[in-house]
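Beneath this line is the structure, given in structure tokens, with notes to follow.
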């Protein structure tokens with residue numbers, strides 16, 4: 001049996017949302033401020049079409065989580081990480 005990556009990703013995302021909604025573990029107020037580093041590149045394919053990509057790193061920590069349970073070691077959550085995007089541009 002072959003399972004597509006999109007189906008697995010959708011299943012995992014759905015399960016995570018269900019867990020978060022059920023336990024309400026990530027309830028907090030306020031904002032978190034941190035640095036962001038962004039880089040990207042575009043390559044022309046033709047006069048009207050370009051493709052490219054972006055990568056972003058961010059660092060922030062959320063504090064003050066309520067309704068702690070045995071899965072958390074403290075009242076902080078790491079909101080940082082790496083993100084990547086594929087881009088395409090069509091000029092018309």
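Between residue 38 and residue 61, the modelled label-to-label distance comes to 2.5 nm, taking each label 7 Å out from Cα in the direction of the beta carbon. As a proxy for reagent exposure, ranking 12, 51 by other Cβ atoms within 10 Å from fewest up yields 12, 51.
Pop the C-beta distance of residue 15 and residue 79 into the FRET formula with R0 = 30 Å and round what comes out to the nearest 0.05.
Details: r = 20 Å, r/R0 = 0.68.
With a Förster radius of 30 Å, E is 0.90.
No lab work stands behind these numbers, since they all come straight from the coordinates. The model shown is predicted, which means the values in this text are computed figures rather than measured ones. Note: ideal-geometry Cβ built from the backbone for every residue, glycine included; neighbour counts use all protein chains shown.
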